[in-house]
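First up is the structure itself, then whatever we jot down about it.
The values are calculated or read from the model by the stated rules, or taken from the named source; none is laboratory data. Bear in mind the structure is a predicted one, so any value in this text is a computation, not a measurement. Neighbour counts run over all protein chains shown; Cβ positions are idealised from the backbone, glycine included. Surface accessibility is based on the protein's heavy atoms, side chains included, excluding ligands, DNA and RNA. Shrake-Rupley method; radii C 1.70, N 1.55, O 1.52, S 1.80 Å.
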Amino acid sequence: MFFLCLRGFLHGTLVSPTQAKDMTMVYKLIFMGLCLDSILYSNSQQSGTECLKANAKSCGECIQAGPNCGWCTKVDFLQEGEPTSARCDDLAALKRKGCSEEDIQNPRASKRTLKDNLITNKTKRNSMNSSEITQIRPQQLKFELRSGEPQTFNLTFRRAEDYPIDLYYLMDLSFSMKDDLENVKNLGTALMEKMKQITSDFKIGFGSFVEKTVMPYISTTPAKLINPCTAEQQCTSPFSYKNVLSLTSNGNLFNDLVGKQQISGNLDSPEGGFDAIMQVAVCGDHIGWRNVTRLLVFSTDAGFHFAGDGKLGGIVLPNDGKCHMQDNMYTMSHYYDYPSIAHLVRKLSENNIQTIFAVTKDYQDIYKELAKLIPKSAVGTLSSDSNNVIQLIIDSYNSLFSELILENSKLPEGVTISYKSFCKNGEIGTGENGRKCFNISLGDQVEFEITITAHKCPKKDQTETIKIKPLGFTEEVEILLKFICECDCQQFGTPDSPKCHFGNGTFECGACRCNEGRIGKECECSTHQVSSEDMDAQCRKENSSEICSNNGDCICGQCVCNKRENPNEVYSGKYCHCDNFKCDRFNGLICGGNGVCKCRVCECFLNFSGSACDCSEDISTCIASNGQLCNGRGTCECGRCKCADPKFHGQKCEMCQTCLGVCAEQKECVQCRAFHKGEKQEWCDTQCAHFNLTMVDSRDKLPQPGQEDALTHCKEKDVDDCWFYYTYSVNSSSEVYVHVVRDPDCPSGPKIVRIVAGVVAGIVLIGQALLLLWKFFIMIHDKRECAKFEKEKMNAKWDADENPIYKSAVTTVVNPEYEGKLM
């Protein structure tokens, strides 16, 4: 649609004659206005798709279909054949159909801040109760949510200085931790001194664990139950978990009680630490947890058992996640299985406990993998005798509190939440990273943008509560959610209204909401009457057997038209006999994109006509570049030229394939006027007086394109075979001008002497070259023959040596005494 409008706009700007300029501008503005209206209409139809697809039978169903859906309460809003669901549409579409602003139900989502205390600027100099310290704002909000309409708020967090800390030291007291126990005995006072640098309000507690007290984890022989170690080593009886010291600010008491602890023993290598962590998390009254920063230091040199391992000891009941402490001892280790990691994570998170795993180097990797599953946890390497435990706790504490991670409680069905973080140094996080900020120091302030969206209404409660808090902190943001599932007008509905066929429904929001078992716009019939023949007869046009023109269903004697897959295509009319998509098309568009289809007939926009609105009444497209309408050779019909002479064609009757060109057509007249020769020389004054002649000295002085209207450059031969050059142009007043170069280009005669001399010289030179070439080949041939003869002559000589087969008949005997002397 946009490109069609653009094309029409450009056509409107191509008018060059001054007399048509004002009218063309008017047409152009009108056309662009209609196009923009058409574009807006098309966009609103697309945005209303979700509203129409919802097939809403009530205002409540409508507003849940999408944030842009509205319901028209106007009683006479619907046309014949339109179902009740047609009241639900895009807001712009409803207004276009005649529904006023006052008659449209369109409740909007909202938010309200209920509690927003300022963040506390606490230092060590001013003493405050932990309940008086605020690190996060706002604290309480109320949202009214409509389906598909998000609500956003900003959350601010700043760590307060000198914030109280509770630290509980949970230690493995199996035999392998004997050396570590000696170093932990002085941990209380030493750790107190170190933590004073961080907070003035610090409490410390101590607990220990070994293993479940059943086989095969420990030996159940009477002697081993008393002393699980060797006879030479005195150990205490095995136990699962023991709370030795609840949280206290007395470091000396910590040292005294820990100093009295004894090592115990078990059979297998993994320990029952998960049982102990679970009890520490859920037994807040026994441990003495305050509503402050809570740290759990878990110290061991071994692995761990988890859910399912209890089957080895015949324990099959899953851990219930409840406190089972009696006399500071866990009493149900033999009854409940170890907790799962997920169960442990949930309980630690619910109780705002941050865990520090102080483990030996051999088990560091496995506990690092465990820490990945437990948010806000850290792993430190414990020396073989735990002499670095204090520094480990301090480093881990700084690591934990340098990161901030937001978590939320379970969301109601159909509600989603998204986070965007604005951290230090301008860092922005989205998605899962939108929940987190790192490298946070005391006094640093970070912000989060949190968006909550409801995608549907809950089935039961219309109000819900969700909570958002930083992991490891007790403070939280409470958000009260109220879902907008009904329209305000439904509160004023009339049950059993006489407008709904003798009280068979509730009249609300301009329409009837039928009671169960009743149907129809006015609930006028029951479900078993829908197919009766009497009702069907009212849904047929005269002399037709088709019910609702086969485009709808007959319900209670009225046609309810079918819906198309494309919600922009609509059946309408009393018998569903009308539609807005079966009108004539042009260029592949209904009504050519220049009109609106109503009941299969095009209603064309201004300046368009025809059954498909394909006939433009704008003549600007027929104006030629010379300012003439169709070059003076035809009339303009539907924005196109209709040529009077059939030999002319083209958009503006500018082409003629059977006509001579301008140059050839004017050739004889230009010759007789400019050079006084040619076939028309005798009739030049009468036949060639239709143009103004101007002589120029050279081709450079001929008019160039842009200087004249309808300019044509010509090159023709005269009767003397000379080339002459001229231009032919027609101005806006249809006056013809011809400019001719004064001197034609005539060819010179051939130079005979040079040609003959050249031919003779060429023949002589070619003959000499051929003789030399022949002589060269003869010399080569003779040399080859001579060499061949010499070779054969040498091969003909006899060999002078004796024949090795020949034997002479003469035998020569030599006297050995004969010395060859003559006597």
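The residue list VAL184, VAL210 contains one member that is open to solvent by less than 10 Å² (accessible area, probe 1.4 Å) and modelled with pLDDT under 80, which is VAL184. THR451 meets each of the listed conditions (1) open to solvent by 30 Å² or more (accessible area, probe 1.4 Å); (2) among the hydroxyl-bearing types (Ser, Thr, Tyr); (3) in contact (Cβ under 8 Å) with a residue 60 or more places away in the chain apart from (1). Annotation: of all residues in the range 276-300 being free of Cβ contacts under 8 Å to residues at least 60 places away in the same chain and surrounded by fewer than 24 Cβ atoms within 10 Å (Cβ to Cβ), the one that is farthest from the chain's Cα centre (by Cα) is HIS286.
Condition check ((1) farther than 30 Å from SER418 by Cβ; (2) small (Gly, Ala, Ser)) across all residues:
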site	(1), (2)
LEU114	no, no
LEU118	no, no
ASN121	yes, no
SER131	yes, yes
GLN140	no, no
GLU144	no, no
ARG159	no, no
ILE198	yes, no
PRO216	yes, no
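Only residues that are crowded, with 17+ Cβ neighbours inside 10 Å and either at pLDDT 90 or above or outside any helix (DSSP H, G or I) (or both): list them for the range 75-86, please. Matches in the range 75-86: PHE77, LEU78, GLY81, GLU82, PRO83.
Just one of the listed residues (LYS701, LYS677) is open to solvent by 80 Å² or more (accessible area, probe 1.4 Å) and either more than 30 Å from ARG96 (Cβ to Cβ) or hydroxyl-bearing (Ser, Thr, Tyr) (or both), namely LYS701. Given the criteria in contact (Cβ under 8 Å) with a residue 24 or more places away in the chain, under 30 Å from HIS455 (Cβ atoms) and loosely packed, with under 14 Cβ neighbours inside 10 Å, does LYS115 qualify? When the stated conditions are applied, LYS115 passes them.
Are any residues in the range 137-164 surrounded by fewer than 21 Cβ atoms within 10 Å (Cβ to Cβ) and aliphatic (A, V, I, L, M), and if so, which ones? Scanning the range 137-164 gives LEU155, ALA160.
The set of residues from the range 315-327 being open to solvent by 60 Å² or more (accessible area, probe 1.4 Å) and not acidic (Asp, Glu) comprises VAL316, LEU317, PRO318, LYS322, GLN326.
Within the range 498-519, take every residue that is part of a strand (DSSP E or B) and among the charged types (D, E, K, R) and give me the one that is farthest from GLN79 (Cα to Cα). Restricting to residues being part of a strand (DSSP E or B) and among the charged types (D, E, K, R), the top hit is ARG518. Per the conditions (1) assigned to a strand (DSSP E or B); (2) crowded, with 19+ Cβ neighbours inside 10 Å, the sole criterion not satisfied by THR635 is (2). Across the range 546-555, the number of residues qualifying as part of a loop (DSSP other than H, G, I, E, B) and not polar (S, T, N, Q) comes to 1.
Scanning the range 458-476 for residues that are part of a loop (DSSP other than H, G, I, E, B) and more than 30 Å from ALA65 (Cβ to Cβ) gives LEU471, GLY472, PHE473, THR474, GLU475, GLU476.
With respect to the stated conditions, TYR336 fails to be more than 22 Å from SER174 (Cβ to Cβ), out of contact with any strand residue (DSSP E or B) (no Cβ under 6 Å at 6 or more places or on another chain) and surrounded by 14 or more Cβ atoms within 10 Å (Cβ to Cβ). Out of everything in the range 602-632 that is open to solvent by 60 Å² or more (accessible area, probe 1.4 Å) and in contact with a strand residue (DSSP E or B) (Cβ under 9 Å, 6 or more places away or on another chain), what residue ends up being farthest from LYS582 (Cα to Cα)? Filtering the range 602-632 for residues that are open to solvent by 60 Å² or more (accessible area, probe 1.4 Å) and in contact with a strand residue (DSSP E or B) (Cβ under 9 Å, 6 or more places away or on another chain), the one farthest from LYS582 (Cα to Cα) comes out as LEU629.
I'd like to know if the range 746-760 contains one or more residues that are closer than 30 Å to LEU629 by Cβ and either without any contact (Cβ under 8 Å) to a residue 40 or more places away in the chain or open to solvent by less than 60 Å² (accessible area, probe 1.4 Å) (or both). Within the range 746-760 (the criterion being closer than 30 Å to LEU629 by Cβ and either without any contact (Cβ under 8 Å) to a residue 40 or more places away in the chain or open to solvent by less than 60 Å² (accessible area, probe 1.4 Å) (or both)), the answer is no, since none of the residues qualifies. Contact map, the range 256-275: residues that are part of a loop (DSSP other than H, G, I, E, B) paired with residues that are among the acidic types (Asp, Glu) and surrounded by 17 or more Cβ atoms within 10 Å (Cβ to Cβ), Cβ distance under 6 Å, separation 6+ or inter-chain. Pairs shown: ASN266/GLU211; GLY272/GLU211. Out of curiosity, is TYR241 at pLDDT 90 or above, buried (at least 18 other Cβ atoms within 10 Å of the Cβ) and not β-branched (Val, Ile, Thr)? So TYR241 passes the test.
Residues of the range 561-601 that are surrounded by fewer than 20 Cβ atoms within 10 Å (Cβ to Cβ), in contact with a strand residue (DSSP E or B) (Cβ under 7 Å, 6 or more places away or on another chain) and on the phi > 0 side of the Ramachandran plot: CYS599, ARG600.
Within the range 329-370, the set of residues being in a loop (DSSP other than H, G, I, E, B) and within 45 Å of the chain's Cα centre (by Cα) comprises TYR338, PRO339, SER340, ASN351, ASN352. Of the residues examined, LYS482 is one that is basic (Lys, Arg), touching a Lys or Arg at 6+ places or on another chain (Cβ under 9 Å), more than 19 Å from ASN55 (Cα to Cα) and in a strand (DSSP E or B). The set of residues in the range 680-698 that are surrounded by 11 or more Cβ atoms within 10 Å (Cβ to Cβ) and β-branched (Val, Ile, Thr) comprises THR694, VAL696. Residues that are in a strand (DSSP E or B), open to solvent by 30 Å² or more (accessible area, probe 1.4 Å), polar (S, T, N, Q) and within 20 Å of CYS437 (Cβ to Cβ) within the range 371-420 comprise ASN408, SER418, listed in sequence order.
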